[in-house]
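Some notes on the structure that comes next.
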Amino acid sequence: MALAIALVVMLGLASGALLVYLFLVRNFSYWEKRGVNGPKPIPLFGNVKSTTLRRITYNECYRKFYEEHPEDKVVGLYRAWHPCLLVRDLDVLKHVMIRQFDNFVDRGFSFSNKGLGFNLFNAESDDWRVLRTRLSPMFTTGKLKNMLYLMTERGDRFLRYLEPLVERSPEQNVHTLIQRFTIANIGACAFGIDIDINDVDGVFDKLDNLIFASNYTVELEMMLPGILKRFDMSLWPAVIKDFFYGLVKDILRERNGVASNRKDFMDLMLELRAAGEIHGLKRHEGDKERSLRVTEDVMAAQAFVFYAAGYETSATTMAFLLHELALNPRVQDRVAHEIHDVLLQHDHRVTIDCLKDMVYLERVFHETLRMYPVVDPIPRQALERCDLPGVAVERGMGLLVSVSGIHYDPKHWPNPTKFDPDRFLPENSEGRHPCAYLPFGLGPRNCIGMRFAQVQSKVCLMKLLGRYRVEPCESTRRRLSYDPGRLVLRSKHGLPLRLVPRHNTHADTLFHGN
C-alpha cells in the first residue's frame with residue numbers, strides 16, 4: 001500500500017513538473033514558425049538568463065544578440081516565455097520610432113501611478129502626451145539661460161571642493177566626484193535647494209543605491225506583464241516615494257503653493273497645478289482631448305524622474321568622457337585649447353553663446369555617448385498588431401533596440417572601438433543614417449532633457465578641465481567592466497584617474513599666454 005501511494009505521489013510530481021515545463025516552453029517555437037532567426041531559449045529564462053542572474057548588464061546582453069545576427073533585420077528573442085523582437089535594421093527602426101510612432105509610443109513597463117510610476121519616462125501613451133507637451137517649456141533656450149548662473153556657481157563651488165581633496169590625493173574616482181556637482185546642480189536648477197557639495201553623502205548615497213540598483217520587479221513584470229499596475233506595485237521602495245513626496249510638500253509649503261520668481265522646474269509644476277486640468281495636443285482631427293490633473297502624485301513623480309535622470313546619466317557620461325581624455329592626451333589638449341580660446345573670446349563669461357562655441361567639446365561629448373550609451377536597450381511595445389518590413393508584430397509585443405549594438409556596428413561607425421570625436425564633424429556626418437546615433441532615444445519620445453544635460457555637462461567640464469589635467473593611474477588602462485546590478489551603465493570598479501593642477505604641468509602654457 002505504501003509503495004502504491006509513493007508511486008502515485010511520484011507520478012503526480014512528475015506530471016506536475018511536465019505541465020510546468022510545457023507551460024514554460026509553450027511559445028518557444030513562435031519565431032521559428034515565422035522564419036525569424038534568434039538564439040535558442042531555455043525554460044523559465046528564455047534568452048535573458050545572464051541578466052536575470054546579474055551576470056552581465058542589459059546593454060551587454062542585447063549587444064551580444066545584435067552582434068550574433070549580422071545579416072538579420074530583426075532578431076527573435078524570448079523574455080521568460082514571451083516572444084519579443086530585437087530591431088537591428090535602421091530602416092525598420094525608423095518605422096518603430098518615427099513613422100509608426102503612435103503604435104509604439106509605450107515602453108512596455110507599467111507601474112502604479114501612486115508609487116512614482118506616473119512620471120514622464122514611464123507614463124503610458126495618453127498621459128505621456130499631456131506631460132510631454134506641458135513639461136517641454138522647461139528646456140527652452142530661455143529657461144537654460146536663466147539657470148546658467150546656478151550651474152556656474154555650482155561649478156565654482158565644485159572647484160573649491162576639489163582643491164584640498166586633490167592636494168591630499170591626486171588619484172580620485174571621477175564618477176563619484178562628478179556626482180557631487182550634478183546632485184548640487186539638479187537641486188538648484190530643479191528644486192531651488194542649495195545643496196552643499198561638501199555634504200552630499202548619506203541620504204543621497206542611499207537614494208542612488210535604491211533608485212538605480214536593479215531589483216527583481218523588472219523580471220516580475222517581464223514574466224507577468226501588467227502585474228505591477230494591477231496590484232498597485234512600484235519599481236521603487238517606499239523610502240524613495242516618501243523622500244520625493246516630502247520634497248514636494250516642503251516646496252509647496254515654502255512657496256505657499258504658488259510659483260515663485262525662481263522659474264525652476266518646481267515653479268513650472270506649480271503653474272500647471274494652479275491651472276487645474278492640463279491638456280495635451282490632439283494627434284488627429286476629431287481625436288479625443290487628453291487631459292490630467294496635476295496632483296501631488298504627479299508632481300512627486302516628475303520631481304523623481306528629473307532628479308534621477310538629470311544627475312546620474314550626466315555624471316556617468318562626464319566620468320567616461322574624462323576617462324577617455326586621460327587615455328587620449330591629444331584630444332584632451334584640443335579640448336583644453338578650445339576652452340582657453342573660447343573663454344578669452346567671451347571675456348571669461350560663461351554664456352549660452354560661449355557654450356555653443358565649444359564645438360570640439362561637443363563632439364567629444366557625442367563620441368563619449370556613442371561609446372558609452374548610458375540607457376540601453378530602448379524598449380517599446382506595440383499597441384496594435386502591425387506589419388514592419390519583413391515581420392508582423394502582434395498587439396502587446398515588446399521591441400528592443402540595442403543602442404550599443406548599433407553604436408559599435410562597423411557598418412555605421414568604422415573602427416568603432418576607437419575614440420574619435422571627429423566622427424561628428426559635419427562632413428563626416430553627412431550621409432549617416434539618422435537612426436545610427438541614439439543615446440537620447442529617437443523620435444517624439446526622445447529624452448526631453450538632452451539640452452539640459454549638454455549645458456550642465458559643458459559647464460562642469462569647462463570648469464574642471466580649465467583647472468586640472470586628467471591622467472591615467474595604474475588601474476585606468478585595464479579593461480572596463482560594468483556593474484550588472486545597475487539599471488544604467490556604470491563602471492563596476494569606478495573610474496580612477498589622477499587630477500593634476502595645470503600649473504604643475506607643461507599644459508600650464510595653455511592658460512598663460514601660449
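The values are calculated or read from the model by the stated rules, or taken from the named source; none is laboratory data. What you see is a predicted model, and the numbers here were worked out from it, not measured in a lab. Please note: Cβ atoms are built from the backbone with ideal geometry, for glycine as well, and neighbour counts cover all protein chains shown.
Quick look at the values:
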quantity	calculated
Residue, modelled with the lowest pLDDT, within region 415-439, restricted to residues that are surrounded by fewer than 11 Cβ atoms within 10 Å (Cβ to Cβ) and not charged (D, E, K, R)	Gly431
Qualifying residues in region 123-168 (those that are in a helix (DSSP H, G or I) and among the hydroxyl-bearing types (Ser, Thr, Tyr)) - the one farthest from the chain's Cα centre (by Cα)	Tyr161
For Lys241: the one exception among (1) closer than 23 Å to Leu270 by Cα; (2) among the basic types (Lys, Arg); (3) surrounded by fewer than 17 Cβ atoms within 10 Å (Cβ to Cβ)	(3)
Long-range neighbours under 6 Å by Cβ, at least six apart or interchain, first residue of a type in the set (Phe, Trp, Tyr) and surrounded by 13 or more Cβ atoms within 10 Å (Cβ to Cβ) within region 189-207, second part of a helix (DSSP H, G or I) and modelled with pLDDT of 70 or more	Phe191/Met266; Phe204/Ile183
Count of residues meeting criterion [within 30 Å of Glu338 (Cα to Cα) and of a type in the set (S, T, N, Q)] in region 364-396	1
Sole residue being buried (at least 18 other Cβ atoms within 10 Å of the Cβ), touching a residue at least 12 places away in the same chain (Cβ under 8 Å) and under 28 Å from Arg63 (Cβ atoms), chosen from Gly396, Gly405, Gly390	Gly405
Region 42-72 - residue that is of a type in the set (A, V, I, L, M) and out of contact with any Lys or Arg (no Cβ under 9 Å at 6 or more places or on another chain) and, of those, surrounded by the most Cβ atoms within 10 Å (Cβ to Cβ)	Leu44
Test result for Leu235, assigned to a helix (DSSP H, G or I) and either under 22 Å from the mean Cα position of the chain (by Cα) or surrounded by 15 or more Cβ atoms within 10 Å (Cβ to Cβ) (or both)	no
Asn256 modelled with pLDDT of 90 or more, part of a loop (DSSP other than H, G, I, E, B) and either surrounded by fewer than 14 Cβ atoms within 10 Å (Cβ to Cβ) or in contact with a helix residue (DSSP H, G or I) (Cβ under 9 Å, 6 or more places away or on another chain) (or both)	yes
Pick from region 152-183, criterion more than 23 Å from Phe212 (Cβ to Cβ) and hydrophobic (A, V, I, L, M, F, W, C), ranking: surrounded by the fewest Cβ atoms within 10 Å (Cβ to Cβ)	Leu165
In region 64-108, the residues that are assigned to a helix (DSSP H, G or I) and on the phi > 0 side of the Ramachandran plot	none
Residue match in region 166-178 (condition: farther than 30 Å from Thr351 by Cβ, among the polar types (S, T, N, Q), touching a helix residue (DSSP H, G or I) at 6+ places or on another chain (Cβ under 9 Å) and modelled with pLDDT under 80)	no
In region 16-60, residue farthest from Arg79 (Cα to Cα) [restricted to those that are without any contact (Cβ under 8 Å) to a residue 12 or more places away in the chain and in a loop (DSSP other than H, G, I, E, B)]	Gly35
Criterion: among the β-branched types (Val, Ile, Thr) and touching a residue at least 60 places away in the same chain (Cβ under 8 Å) - qualifying residue of Val92, Val75	Val92
Every pair of residues 6+ apart whose Cβ atoms lie under 6 Å, when the first sits in region 471-497 and is without any contact (Cβ under 8 Å) to a residue 60 or more places away in the chain while the second is of a type in the set (Asp, Glu) and surrounded by 15 or more Cβ atoms within 10 Å (Cβ to Cβ)	Lys492/Asp483
Some residue of region 296-316 being in contact with a His (Cβ under 7 Å, 6 or more places away or on another chain) and either buried (at least 21 other Cβ atoms within 10 Å of the Cβ) or farther than 24 Å from Glu124 by Cβ (or both)	yes
